[in-house]
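Just so you know, all these numbers are worked out from the coordinates, no wet-lab data involved. Note that this is a predicted model, so its numbers are computed, not measured. FYI the Cβ positions are ideal-geometry reconstructions off the backbone, even for glycines, and counts take in every protein chain you see.
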Amino acid sequence: MKKIVCLVAVVAAGVIAAAASASGPYTAKSVHLNARNPRAAFSVRIHQPKKIILYITQAKVTTTTRCLKGTTVSKLTRSFHTDGTRNMLWHIAGRQDVCHVSVAAALKKGQGTGYVSVDVYPR
């Protein structure tokens, strides 16, 4: 009987750990920019985001975020010329059903390498 209780506890702990890791933040898309590939563009579709973070290093970036909540569409276009992290759901109402993030990036003049990524924190 004691072995069954321990086995059930181990399985329950594994299920909880798997659920916690599955709902954690992840990188939806990232690109490295260099002299050979000085420009890049990509789109990401994200279901039920809690937070979408854009991370920029040594690049000029233009983004468009389109989110749907029922029949309501929210759209926001932004440009960034400095490094850092940006909240892509800035000025967009919470609890969206799906968001589409389009990113166009170009290496800054005089820079050897750059990096752009979209990180997602799901609900």
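Treating r as the C-beta distance of K69 and S102 and R0 as 22 Å, the FRET efficiency rounds to 0.75. Spatial offset of the range 76-122 relative to the range 46-71 amounts to 6 Å, using the alpha carbon center of each.
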